[in-house]
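Everything on this sheet refers to the single structure shown next.
The values are calculated or read from the model by the stated rules, or taken from the named source; none is laboratory data. Here the structure is a predicted model, which means the values were calculated and not measured. So basically every Cβ, Gly included, is an ideal-geometry build from the backbone, and we count neighbours across all protein chains shown.
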Amino acid sequence: MKHQSGKKKLNRKFGNRQAMIRNQAIHLINNGCLQTTKARIKVVQQFTEKLVTIARKGGDFNTIRRVKQLIPYDDKAAMTLIKEIAPKYVERPGGYTRVIPLGRRASDTATIARLEWV
């Protein structure tokens with residue numbers, strides 16, 4: 001049995017799923033909020049919380065390297081995370097984002113939610 005053995009797959013292969021999660025995390029960093037389905041929000045939230053935990057340590061070489069390794073597509077977003085967003089949460093032990101449910105989408109009745117910074 002494979003009960004609770006892994007992450008959500010979101011009907012995508014590994015590379016496509018990883019790229020989608022990274023791109024949505026970059027969108028959250030650049031715009032301050034992200035609106036998509038609730039299943040995707042949960043996965044992006046986990047990824048973003050880990051990113052902020054790494055970025056809280058400051059702007060030293062290893063921190064920048066680790067953040068750029070996780071979001072390699074956009075160096076500007078990585079530096080925004082390290083210099084502007086992460087310093088707000090240095091004293092906070094976790095829970096850097098909040099999920100706001102927005103109801104259901106009319107076309108396919110998927111549950112929609114918004115992810116934003118606390």
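Things worth noting here:
- Scan of segment 1-16 for residues that are under 19 Å from ALA110 (Cβ atoms) and in contact (Cβ under 8 Å) with a residue 12 or more places away in the chain, ordered by number: LYS8, LEU10
- Taken over segment 1-51, the criterion of being exposed (fewer than 12 other Cβ atoms within 10 Å of the Cβ) and of a type in the set (A, V, I, L, M, F, W, C) is satisfied by MET1, PHE14.
- Hey, VAL90 under 16 Å from LEU28 (Cα atoms) and out of contact with any Asp or Glu (no Cβ under 8 Å at 6 or more places or on another chain) or not: no
- Residue check for ILE21: in contact with a Lys or Arg (Cβ under 9 Å, 6 or more places away or on another chain) and among the aliphatic types (A, V, I, L, M): yes
- Taking residues in segment 56-81 that are over 20 Å from ARG17 (Cα atoms), and partners anywhere that are in a loop (DSSP other than H, G, I, E, B), the pairs with Cβ atoms closer than 8 Å and at least 6 places apart or on different chains are ARG56/VAL90; THR63/LYS57; LEU81/ILE71.
- Residue match in segment 1-11 (condition: of a type in the set (D, E, K, R) and at pLDDT 95 or above): no
- Taken over segment 83-101, the criterion of being of a type outside the set (Lys, Arg) and under 16 Å from GLY32 (Cβ atoms) is satisfied by GLU84, ILE85, ALA86, PRO87, TYR89, TYR96, THR97, VAL99, ILE100.
- Residues in segment 81-118 that are hydroxyl-bearing (Ser, Thr, Tyr) and within 14 Å of the chain's Cα centre (by Cα): 2 in all.
- Scanning segment 94-112 for residues that are outside any strand (DSSP E or B) and within 15 Å of ALA55 (Cβ to Cβ) turns up GLY94, TYR96.
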